[in-house]
Structures are given as C-alpha cells and as structure tokens.
4 protein chains.
Amino acid sequence: MDKLSVSIVGGSGYTGGELLRLLLFHPAVEIRQITSERNAGKLVTRQHPNLRTVTTLKFSSMEELEKCDLLFLCLPHGQSMEKIDFFRTLAPKIIDLSGDFRLRDTAAFEKWYEKEHVNPGLLEDFVYGIPELHRAEMKNASFISSAGCNATSAILGLYPLYKQGVVSDQPSVIEVKAGTSQAGASFNEGSHHPERSGAIRTYKPFGHRHTGEIIQELSIDKPVNVHFTATSIDMVRGIHCVSHVFLNDDLNEKDIWKMYRSAYGDEPFIRIVKEQSGIHRLPDPKILSGSNYCDIGFIKDTDSNRLVVISAIDNLMKGAAGQAVQAFNIMNGFDETTALTFPGLHPV
Amino acid sequence: MDKLSVSIVGGSGYTGGELLRLLLFHPAVEIRQITSERNAGKLVTRQHPNLRTVTTLKFSSMEELEKCDLLFLCLPHGQSMEKIDFFRTLAPKIIDLSGDFRLRDTAAFEKWYEKEHVNPGLLEDFVYGIPELHRAEMKNASFISSAGCNATSAILGLYPLYKQGVVSDQPSVIEVKAGTSQAGASFNEGSHHPERSGAIRTYKPFGHRHTGEIIQELSIDKPVNVHFTATSIDMVRGIHCVSHVFLNDDLNEKDIWKMYRSAYGDEPFIRIVKEQSGIHRLPDPKILSGSNYCDIGFIKDTDSNRLVVISAIDNLMKGAAGQAVQAFNIMNGFDETTALTFPGLHPV
Amino acid sequence: MDKLSVSIVGGSGYTGGELLRLLLFHPAVEIRQITSERNAGKLVTRQHPNLRTVTTLKFSSMEELEKCDLLFLCLPHGQSMEKIDFFRTLAPKIIDLSGDFRLRDTAAFEKWYEKEHVNPGLLEDFVYGIPELHRAEMKNASFISSAGCNATSAILGLYPLYKQGVVSDQPSVIEVKAGTSQAGASFNEGSHHPERSGAIRTYKPFGHRHTGEIIQELSIDKPVNVHFTATSIDMVRGIHCVSHVFLNDDLNEKDIWKMYRSAYGDEPFIRIVKEQSGIHRLPDPKILSGSNYCDIGFIKDTDSNRLVVISAIDNLMKGAAGQAVQAFNIMNGFDETTALTFPGLHPV
Amino acid sequence: MDKLSVSIVGGSGYTGGELLRLLLFHPAVEIRQITSERNAGKLVTRQHPNLRTVTTLKFSSMEELEKCDLLFLCLPHGQSMEKIDFFRTLAPKIIDLSGDFRLRDTAAFEKWYEKEHVNPGLLEDFVYGIPELHRAEMKNASFISSAGCNATSAILGLYPLYKQGVVSDQPSVIEVKAGTSQAGASFNEGSHHPERSGAIRTYKPFGHRHTGEIIQELSIDKPVNVHFTATSIDMVRGIHCVSHVFLNDDLNEKDIWKMYRSAYGDEPFIRIVKEQSGIHRLPDPKILSGSNYCDIGFIKDTDSNRLVVISAIDNLMKGAAGQAVQAFNIMNGFDETTALTFPGLHPV
C-alpha cells in the first residue's frame, strides 16, 4: 500500500505528541515532518519521552515544511486561521485541531472567541469533526475542524436526546470535570504542582468557548437552552461530563435506551455504560486514558423529569488527537479504527 | 473553670476521630469516654494515629458508658434513633451527628431514608445543626442534630438567595464533588486503592438523602425546586459544591454581594471568596482541610439569569465534627470559635 | 496462520486482566478460556471494564478447562505448584506468573517463602522468565516461570554490573517504590482509599520474597551482598527502583555506559535513559503505564565509588503480563514484540 | 505578658507562609512586618489564602523594615549571608531558615554549596537548629540556623545510633522521598502539573547540600560514611526517609529501643512509631501535615546486621517553620510546644 505522507504542524504540545504517538503506528501513514519553532532540530523524544526508541524524528521549523498529502494543525488558537492560506499551498487536505474553524457562524465565532475571524469565508468549508454526527460529510471533505474536548463529551452525551426532540425548554446544565493536560504544556503559577495538586478550580463558570460548539451541534430543530461550567480537578487526562436535562414527556429508561441505541448502535467508539451493580456502573475517564472511546451512561430521576447523563472521554484522544485520527481514517477511506484500537488500562 | 464532662459514642470512625481531635484541645472539655464496640479496651491511637502521645485514652464499650454532661453521637445512621432513650438517661444534652434527627417531618424522613422513623415524636425536639441558620434556637437547645456534609455546603451556599426570595421557579442544579472520607472507615471493593485512585464516580445522580435537608432548610417561603447530584473524586477530605440557580430579576453582582454580606457579615466561619485575579479566585476545599470554614463564591453569567455559586468545606469539619463543636460552643455559652481556630494549610 | 489456542487460569485479578488485554490483540493467539471460580459464567468485562466491546468472553471455572496449546497461570502464590500436574495434562506448554517456580533451589524457596515446596522436582524444569538473561533457554522451553515485578526491576538494573564483576563486597542497597496494583485485587483495611491515598508504607523493610530471585540471578560468579526494601506509595501502576552499589574499581560513567550497551544494546524493551538536561533525565514509571519497557539510568557519585542505578517498569507489564507475553513470543517463535508495541502515554 | 515583636523577612514563599500561620496564633508574639519585594503593599492572604480573615497584614518591602526583637529570615539561599550585617542592625536575635549558616566549617560550606561564603566569620556564631541535639546552646543563642528539611529527617532518625557508636564502617545509605513544596513557590517546566503529577524524580542521586549537615551532625566521634539520595514523588508536603545502616555488634531490637528511648525519651516532638500490627506500623508523613512531630521507627533485618530506620516529618513544619518556632520558644524561654500543638489530621 502506498502510504500517505503526513505532517504535524505544532508538534511540541500534548495534542501534537499524542497525534505523533498514534500516527507512528498507523500502517498507512508516513510521517514526513513535525514542527516546533522552539525545538527545531531537536529530537521529538525530548518533548515526548514515551516515544524513545520508537522514533528518531527531529522537529522542523514551520518554514522548512514540505508538500505532503495531509497536514494536521496543532497550533495555539488563532494561528491556524492566520496561516491557513500558506498551509493550503502545502497539502490538499487539512485537519485543524484548534478552535479556529469549529463554528460555522462568524457571529458565533466572534461572540465566543471575543475577536474577529481572519478568514470567515473558509468557515463553511470545514466539516465539524465529530464522526458520529458528520461521518457522511467527512468522506468527501478536504478540511476538517476537530471538535473541542469538552464540547465532544457534552455533545456526544446529549445528541440522541436533542435529535429526538425530547428535551424541554427548561435549562440544561452541563458540568465538566477536566484534567490539567487540557490547558496544554505551558506552565504558570496556577499549574505549579504544590498549588495544583489536590486543587479544584472552577475555571470557567460560564462563557467557555466550547459552549458555542455545543449550541451549534445540539440546536437541531430549535435553539437550545444550555448552561456550561468547567472545573479542573487533580487529574492529568480525562473529562467527566455530567449533564442535567429536563425531559418533555414522561419517558422511562427503556425509551431512553432506545434513543441511544438508535443513535449509536453501530458506532465503534461509543459504549453505553449503565450497569445495575458492581463498581463500574457509570462512565469514568479513569479507564479511558489512551483510548478513543466515549463512554455514556444515564439515570432518570424517579422524582422528576430530570435525566442525568454522564459521558467520559480522554481529552487528548476522543477529545483531540484520537478523534482527529478517526476523522482522518474516514476522510481517506481507511478502516475507521485503524491505529485506535488501544482499549485503555485497568487498573491504572 | 469547671470542665464539662463529655463522651463520644461511636468513636472509631472518621467523624468520631475528628471530634476527639478537636475536643482534646478544648479548654472547657474533659473527655470522659469514647466508645467502640470492636475496639473496646484498645488505645484510641490505634484508630487515630495522628493523636499518638496526645492522648492515652482507650475505647470503652457502649454498655460501660457513664453519666456525663453531654453526649456526642457518631453512630451509623439508624442507631441513634433506636438507642436515643438510653442515651437520654446518661446526659441532659445530646448532639447527634447521624442523619436520624435532621428532618423535622416524618414523611420527609421516610421518603429520603426509605424506612420508618423509630422515634418520630422526638424529631421536633432537635435543632437542625447549622449555626448560621439556627443559632438562636441552639442557645437553649438540649438536642442538636448536626447537619449532613453535602447539605451544609449546599445550604450555606444558597441560603442568602432563597432567604431573599430571588430564585426563580426554574430548577436549581446542585453538583457536589466529594472525597472518600465521606463514606466512612468501612472498606469495600469500591474503596480499594487501585480502583478508587483517580476514579470519578457519580454515586448519587439523584435521591441523595441530604437532598431532604436542603429542601427543608431552603424552602423558606415556598417549596424549592432543587436537583442534587453527588460525584466522588480522588480526594480524601473536602466538598466542592457548584450550584446553578436561575434568578428572578436582573440582579447584578453587587446586589448579590449585599445579600451574602447581610446574611453572613458577622459569621466567624463563613468567608466570601471572590477575587478578580490570582490563582485562588474561588473557593477550593484544598486549603480547608482541618479548618471549620465554609468558603463561598459566586459568578453571574453575563448572558443569562444563571448564578453559579461555589461553596467549599472540609466534610469532616464544617461538614461534621467541626460544625458539631461550633454548635456545642453555642449551646454551652462558650466562645463560638473555641477549639476551631486552625486555619488550614497552604500548600498541602 | 494457524492460531495458538491459549487459556488463562486465574483471570479475575489484575495480572490476568492485563494478560487478557494483551492477548486479545495478539494476531497469533486465540483465547480459548479464562477462569475465575468466583465469577464463573459472568462476563470478563465486569472485572476488566476497559475491555467492554472488545470481548464478550465469559469466565469459566477451573474444572471446565479444556485442552489447549498453552496455559498462562495467574493464580495466587502456592496454587500453581499444587495443581501443576493437572495443568500439565491440559497443555504441553505452561507459563506460570506466580512465585512458585521462580527459585531453582529448594532451600532458597523454603527460606523466602517460609514453607515447603510441593513439587520441588519441577523447579529445574522452569526457565526463569527474564528474556534479557535467559532468551536462549526460553526458545526450547516447555515451562517458564515469569519473574517477580520488583525482582525484574532490580535484576535488569544491576545485571550488567554483576555480569562484569565490578561490584565490590560492600553491601548493595536496593530500594523499590511500588504501586498498589502490586498487591492485587483483594481489598482490605490498608487498601481503603482514605487510608491509602497519599500514604507511604515501607511494607517490606527486609525479607521480601523477590530478594531470593535477585540473589539467584545476580550471583553469577560469587554470592551477592544485596539488601532489599520495598515501600508502597500513592501510585497504582509502576515500580521505581533505586539501587546503590559500590564499585570495585574507579570506573567512570563511560565505562559503565559500555557495560550497559554491551548487555542490552539490541534489547527491544530496554532503554537507557540518562539525559544531561530537561525534565525527563532519569527513568520514571509515570510514562511506562501499559508499556513493556524497562528504562534504566545511572549516575556515578563523584565523591565515592557509589553508583546509583535507577530502573523503572510497569509492574503489570514488564513486571508481569507483558514480560510473560514477551517470553511467550520467544518460546513460540513469534516476533518478540508482538502485541507489546504500545509505547506508553505522555502526559498521563 | 509583653509580646515579642517579630518580623519575617521573605514571607511570600511556602516557609514564610507557614511561619506566619504559626506565629499568628503564638500568644507571646506580635508580628511586626513580613516582607516580599514582589508583593509589597499587597495583602499577605493573596499568597497565603488559608489565612483569609485570620489576618489583614500586608507585605512590606525589605527597605521598610523596622527594628524589632527578633527576625526570621526566609530568603533564598545566599541572601542571608549577604545581608546579615544589615539584619543585625535591626534585631538582636535572628533565626535564619536558609542554608547559609548551617555548616560550621567554611570548607564544608564551599564543598556542598559550590561557592565561597561571604561571611565565614559568623559561621561559628550560629547554633545549628535541631533542638533535640542543641537545646542547651539554643537557650543562650542570639543566632540560630534552622536545619535543612531532609537533613532533619535523616539526622533525627540516625542520631541515637551514631551517638552510641554502634554503626559499622560499612556505608550507610539514606533515601529520602520528598514532596514538591520542598522546592518552593517558583514554578517551572518540571513543576507543571501534567508533568509532575504521578512523577517520580530522583533529583539528587548524590551531592545534595543537606548531606553536609548530616555529616556534620552525625560525625560525633569519627567521620561518618553516609550516602544520600533524594527522590521527589507526587506529594506536596512530607518527607519519608529510609536509612539503611549496618551495625557493629549483634544488637537486637530491644537494645536499639533503649538507645532511642535514652536519646528521645522526653522529647515533645519525637514519637517512636513501631507497631506489631495494624495499618500504621511505621512512620508515614501522610498524618504529619501541619504538625511538628518527627515520627521514627526501625526494623532489624533478621538475616544481616542491617537496621532499617524510617523517619517522617512535614518538611514545612519540623523541616522548616515548625522547627524554627520550636527553637524560637527555647531561645526566648517559652514553653517549647507553644503554637505547635496541632497534631495533624487523619484521614487526610
């Protein structure tokens, strides 16, 4: 098989490193280059020590980038849209992992990112990168914008309900517990271990950018009334998302099971986790590190019309690099699970 | 000063141990006895190793209990109401730390505890043990029922809003992140370290018993519409409570400040934590271990009428033993902060 | 390719689960059965939730075991030697992961295990399961006894030095920091999360059974003078082993490099980790979870003849299931790295 | 009682904050000033959020310092010796918590600190700050140099053995497991939470400055042969020190008990922790956070002359601020335990 030549732009961060780990074991991929301005010329294993002996690649600078079949962009927010014309000269296909092209609506972008979009004309050309919602569009796409990690966990958890139109007009409250790798590899006073270890920080009570993605994807027939809050806990990888939605009708758990099965029955990376006994009854990101699964469970309050939906992912996998590779596989006609079969560890 | 003679019934668990730690340093208290059926005759320091050299007390069995001025009951739920008549023959004053006498209404007890109350006639005689709401009644009380830990964090966070009647009819969603000491000293498969370390378990999506206390205390003029979910994370002590309430009027943060200041301005153990910058902007249980503070902060969503209220406590202190000692001080005319001045550690 | 039919005896524990995870992705293996007396008839995913949707296997009881090509034994210590004759009727090849057949010398077994060996005649028939030391014997072996986890980390760290005969007669001190998965899936008071989280327990100051393996494997020309201590810290997976050895001659780091390169130059699962700068200068089990690597580093004290050797592994992988699969591959003529290429995660 | 007026120089770090916490509750102390160049004019509670509502102190700059009765110096290493003449004009008594005046011998200072001492003439005037070894000298001292945290744990663990002359000439190996607060409040790439959480870093295989203190204090009759290694684990506070010493004679555990009892029998902050059963058999820093205890235990290898000594402290308390206050109490004739009675928490 002829391999696709692929480069990673912005490869010294956590998402870039995770992408590199996956692609090194992808049988149809040849990694051409991986860039880092600060580390150009150095071994990638200095930043990604888990890959020692697996690769002897060195970082390139962005200006050394050569033409290839596909580019993954793992740049800080704002840089993809600024340099997108340059990247398009290098590769016919692009998967962007930043937030720059996730919102189709320019006004929404400006509201949530609090700045103007540099390249609004391109927004419509990017397919939003959750395969479970946009698989068909991905097959013919040239540009994919990989979804935000918190957004992915919330959207996958709630999509079957909004799709079926069973959510009432009462506000839905979405609470995410996040790990510290979500904030990236840049250190600061707040990420200093003695301050961060054991800490619980509600870093975004409201106004989180991923809210825009949630609204966009769940507003299927009508605008949704969702409220999102994110809290960082003492965890490196993982997102645990609890959504409280108030249902229209008096649905029972069997009805809800049907909706989830209908939406996700054949999905390779969605697992419904809802057991009656044992210690692993509901989704927990603890067992998802390194895996591309999104585990979803739900419980109906017997006293009210509230449904509690719990979804869990590894933010660097299904929330970033893993989902990007899943999209990559779809986009290029490979088996969707290629390079993504690692099931996670237990215990860990 | 003549010391009060005090005994602790059920002293081998975490709440009993914390109470012992506090009372050993209380200048007006002489600890008469501390009971444990399983450990009778053994040094208390076998169960509470932090108290080595501080005390040479040994556990007694319950049947060895002698008369004293006041009894603290730290028994498993259900035992206080069964043995309360016996305990009343031993001491004129009782502070119960179980859930048996927290709900004034028998029907509410049966709903939330799913069993009949053995001694419903006494429910009215117990003062609900949050001093910030019931200080006046405590001063003349013979019986105090110390509040549930999750309930304390939620009630203290929301009380000023419900008292002022500014919460709308839309559902309030309360999410608690809890530590593992909350479940007590009994071990099981789910508390096994390899399974529990790093785990996130939504152990009560709905139906948590403390919900009954929250409803009772916040239904000031009218019944409240609250929804409570509890999730255990990898933490030993501490509760982090995020409440999402939807306000009636278009109140701004200044208005809300006034309500909190009016409710808690002179409270020795409430701190409003709401800073514009720095890494300690909102309440975090990390710095509360061993302290009796309840830290409270809030943020108004600029896009909607949602107010996010964050409250944090040490579940074994303001959520149990500390709050019981605070009530004890009020009940007996001591300075309310006696034996409770430890401010917590940073970093830790 | 015809697949080997393989069964796992004792599959509900952590080692059995890890072995199952690896073998499910081994292209030349068909898993015939996996046993658990307590869970017979139940889905394996109840115990190993990471494998949900990966397998629909159910546990069998031991008496249901059928003939197969090879048996992995993951039983509690003592059971393999008691039932070995039965197992030999089921399969021509056996890999035992318990301690029963690790020591070749009966007297050594009795000293370290403090009981008699039931089947001492078989001790000589088992190859000690560290491939880096016994690869040649493994190729023709019918029976392999997989090495102890702490022993593996210590032996691999020190083998090049003892092989070259450069260690003096002064005592070598070996200190292991261990995770809680090492003690297995059985819970007890000491593994209760509130007690175990953040704890540091020197559980074996001396007398650890793995010491017998270390002595056996490192006593190449003469008896070694080693002293072993194991301390459990707040970690689930991983072993960090620091060995202090006092060298005979005034060797410099270059000389030592040569010894390690000569011993391990072509080893697929040994990495020498010894960098001059950066934050990943020496081996750390943090990045090894799920991988089969043993990372080794060393530093020479410039003031004395002490060499500090640091070795790190994942105790369930290179310390148990991973090393067993590595031996399995050698024994059966497969590429040694088959099913073992997962490189570990960073950050995690 | 007339209060002593005391100032803290260098109060924005972890040691300064811990000292402030202790002194705010010391009945004989009035805190005059606390300095921080970077935070001058700001509330101390910005850096030390646990002290909110406990104090309304603001930081001063060093040049604003006024005369007082006693100065605590919590400056980065090197600054105390440079500015000591200035500080002596401000206060007749000084307790320095840096490493500048710990070594009495100029050559030793230069060896371990790899630079020249600016004020070697003063080295003899400082009393080394471990009360258990130097209480008598402290009573009349003007200058005390508080001991290093790792050094304190090692010295207190081994002092009775070296004092009795029972340690052989074979090398003693001392291994410290340290928390991240030891490295102070300055953040860097290595202290970034995703990198530091769960990590095990042997940051000083040899050459740690505290080795100089250990050698100085334990070389009672003859030079000691000690080898020190420090490894940082995922813990904020706490030191767990395992010392392996090889004894001269065939001493049994009773003999060793006697030595420890004779050395420490009346010490208020030393506890011998050595139980036959239970889960708290040996010292563990987990239960020492916030307390000034040094817990010490030991086990004799039944197979050799090795004694394993385990000592545990809170590095910010008995390893820094607590021990400094203990010395302060002795120096000024106060009860030695004043402001130091907090016993630590369990569980935590």
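Can you classify the range C:120-214 as rounded, prolate or oblate using the Cα gyration tensor, where a ≥ b ≥ c are the square roots of its eigenvalues, rounded means a/c under 1.5, and otherwise it's prolate if a/b beats b/c and oblate if not?
In terms of gyration-tensor shape, oblate.
Report, for residue C:2, each distance to the same residue's label point in the other copies, shortest first and in nm; define the point 7 Å along Cα→Cβ.
Going from nearest to farthest copy, the values are 4.0, 9.4, 9.9 nm.
Rounding to the nearest 10 and keeping the result within 0 to 90°, find how far the Cα-based axis of helix D:79-90 lies from the longest principal axis of chain D.
Helix D:79-90 sits at roughly 50 degrees to that axis.
Would you tally the net charge around residue D:233, using a Cβ to Cβ cut-off of less than 9 Å, leaving residue D:233 out, and scoring K and R as +1, D and E as -1? List each step's numbers first, then the result.
Numbers: positive: C:177, D:177, D:201; negative: C:234, D:234.
Result for the local shell: +1.
With Kirkwood's inverse mean 1/r over C-alpha pairs for Rh, give me the Rg to Rh ratio of the protein assembly as shown, two decimals please. Working shown, then result.
Values: Rg = 31.7 Å, Rh = 33.2 Å.
Using only Cα positions, Rg/Rh for the protein assembly as shown is 0.95.
With a ≥ b ≥ c taken as the square roots of the eigenvalues of the C-alpha gyration tensor of the range C:236-275, please select rounded if a/c is under 1.5 and otherwise prolate if a/b is larger than b/c or oblate if it is not? Write down the numbers at each step before the final one.
Details: a/c = 2.50, a/b = 1.30, b/c = 1.92.
The shape class here is oblate.
Give the share of C-alpha pairs in each 5 angstrom bin for the range A:149-313, from 0 to the last occupied bin, in whole percents, shortest bins first.
1, 8, 18, 21, 20, 15, 9, 5, 2, 1
Using +1 at the Cβ of each Lys and Arg and -1 at the Cβ of each Asp and Glu in the range A:259-348, identify which of A:278, A:332, A:316 lies farthest towards the dipole's positive end.
A:278
Normalising by the residue count of the range D:149-313, find the relative contact order in percent from Cα pairs under 8 Å and 6+ residues apart. The partial results should precede the final answer.
Values: 311 pairs, mean separation 50.2, N = 165.
30 percent.
For q values of 0.13, 0.15, 0.27, 0.29 Å⁻¹, compute log₁₀ I(q)/I(0) with the Debye formula on a Cα-only model of the range A:294-348, without solvent.
Normalising to I(0) and taking log10 leaves -0.49, -0.60, -1.06, -1.13.
From the phi of every residue in the range A:41-50, what ³J(HN,Hα) in whole Hz does the Karplus formula 6.51 cos²θ - 1.76 cosθ + 1.60 yield, where θ is phi - 60° and glycine or proline is x?
Result, rounded to whole Hz: x, 9, 4, 5, 6, 5, 8, 10, x, 5.
At 0.36 nm per residue, and after removing the present C-alpha to C-alpha distance, how many nm does the segment from residue B:5 to residue B:88 gain when stretched out fully? Please report the intermediate quantities before stating the final value.
On the way: separation 83, 0.36 × 83 = 29.88 nm, distance 1.51 nm.
Extra length from residue B:5 to residue B:88 when fully extended: 28.4 nm.
Roughly how many Å is it from the Cα centre of the range D:205-240 to that of the range A:100-159, as a whole number?
After rounding, the separation between the Cα centres reads 56 Å.
If each Cα of the range C:233-323 is one equal point scatterer, what is log10 of I(q)/I(0) from the Debye formula at q = 0.13, 0.17, 0.26 Å⁻¹?
-0.46, -0.76, -1.33
How many times 2.2 N^0.38 Å is the alpha carbon radius of gyration of chain D? Working shown, then result.
Details: Rg = 19.8 Å, N = 348, 2.2 N^0.38 = 20.3 Å.
Cα-based Rg divided by the globular estimate yields 0.97.
Gaussian network model of chain A, Cα springs within a sub-10 Å range: biggest mean-square fluctuation belongs to which of A:278, A:16, A:184?
In the Gaussian network model the winner is A:278.
What's the local net charge at residue B:286, with K and R +1, D and E -1, over the other residues with C-beta under 14 Å away?
Net local charge, residue B:286 excluded: +1.
Accessible area per residue, 1.4 Å probe, Å², for chain C: what's the number?
Working: 11620 Å² over 348 residues.
I get 33 Å² per residue for this part.
How big is the accessible area of residue C:204 in square angstrom, nearest 10, if you roll a 1.4 angstrom probe over the protein chains?
Counting only protein heavy atoms, residue C:204 exposes about 80 Å² to solvent.
Would you mind counting up the charge near residue A:316? Only other residues with Cβ under 13 Å from its Cβ, with Lys and Arg at +1 and Asp and Glu at -1.
Details: positive: A:21, A:237, A:318; negative: A:18, A:314.
It works out to a net charge of +1.
Relative contact order of chain C, please, whole-number percent, based on alpha carbon pairs below 8 angstrom and at least 6 residues apart. If you can, show how the numbers build up before the last one.
Numbers: 736 pairs, mean separation 59.6, N = 348.
That works out to 17 percent.
How far is residue C:121 from the same spot in each other copy, in nm, shortest first, if each label point sits 7 Å from Cα toward Cβ?
7.9, 8.6, 8.7
Taking the alpha-carbon centroid of each part, what is the distance from the range B:18-89 to the range D:17-64 in angstrom?
38
Enumerate the lysines that residue A:115 could reach by cross-link, defined here as Cα to Cα under 30 Å, with residues fewer than 8 away along the same chain left out.
A:83, A:93, A:177, A:204, A:222, A:318, B:254, B:274, B:300
Any idea what angle helix B:14-24 forms with the longest principal axis of chain B, computed on alpha-carbon atoms, 0 to 90 degrees, nearest 10?
70
Pairwise over distinct Cα atoms, reciprocal of the mean inverse distance: report the Kirkwood radius of the range B:38-139 in Å, one decimal place. Walk me through the numbers on the way to the answer.
Values: mean 1/r = 0.0642 Å⁻¹.
Result for the range B:38-139 stands at 15.6 Å.
Once you average over the residues of D:231-238, how many Cβ atoms of partner chains fall within 10 Å of each Cβ? Can you show the working numbers first?
Details: counts 7, 1, 7, 8, 8, 12, 5, 3.
Going residue by residue through D:231-238 and averaging, the value is 6.
Mind listing the phi-derived Karplus ³J(HN,Hα) values for the range B:179-189, rounded to whole Hz, using 6.51, -1.76 and 1.60 with θ = phi - 60°, and x for any glycine or proline?
Karplus-based 3J(HN,Hα) across the range B:179-189 equals x, 7, 5, 4, 7, x, 8, 7, 9, 7, 4 Hz.
Choose one answer from B:176, B:118, B:127: the residue with the largest mean-square fluctuation in a GNM of chain B with alpha-carbon springs under 10 Å.
B:118
Where is the GNM fluctuation largest for chain A (alpha-carbon springs, 10 angstrom cutoff): A:57, A:123, A:218?
A:57
How far is residue B:219 from the same spot in each other copy, in nm, shortest first, if each label point sits 7 Å from Cα toward Cβ?
Result, one decimal in nm: 3.8, 7.6, 7.7.
Please list 3J(HN,Hα) in residue order for the range B:220-232, calculated via the Karplus relation 6.51 cos²θ - 1.76 cosθ + 1.60 where θ = phi - 60°; whole Hz, with x for glycine and proline.
Listing the rounded values in order: 7, 9, 8, x, 8, 10, 10, 10, 10, 9, 10, 10, 9 Hz.
If you place +1 on the Cβ of every Lys and Arg and -1 on the Cβ of every Asp and Glu, how big does the dipole about the Cα centre of the range A:149-313 come out, in debye to the nearest 20?
The calculation lands at about 280 debye.
Just grab the label-to-label distance for residue D:222 and residue D:61, each label 7 Å out from Cα along the Cβ direction, in nm (one decimal).
In this crude spin-label approximation the distance works out to 5.7 nm.
Report the accessible surface area buried between chains A and C, summing both sides, using a 1.4 Å probe on protein heavy atoms only, in Å² rounded to the nearest 100. Could the numbers behind the result be given before it?
Details: alone 15840 and 15820 Å², together 28450 Å².
It comes to approximately 3200 Å² buried between A and C.
Please give the calculated 222 nm ellipticity per residue for the protein assembly as shown, where each DSSP H segment of at least 4 residues contributes -39500 (n - 2.57) and the sum is spread over every residue; nearest 500 deg cm²/dmol?
Values: 36 runs with 365 residues, N = 1392.
Computed mean residue ellipticity for the protein assembly as shown: -7500 deg cm²/dmol.
The values are calculated or read from the model by the stated rules, or taken from the named source; none is laboratory data. Quick caveat, the model's predicted, so the values are computed rather than measured. Glycine gets a Cβ as well: all are built from the backbone with ideal geometry, and neighbour counts include every protein chain shown. In case anyone asks, the SASA skips ligands and DNA or RNA and just uses the protein heavy atoms, side chains included. Shrake-Rupley method; radii C 1.70, N 1.55, O 1.52, S 1.80 Å.
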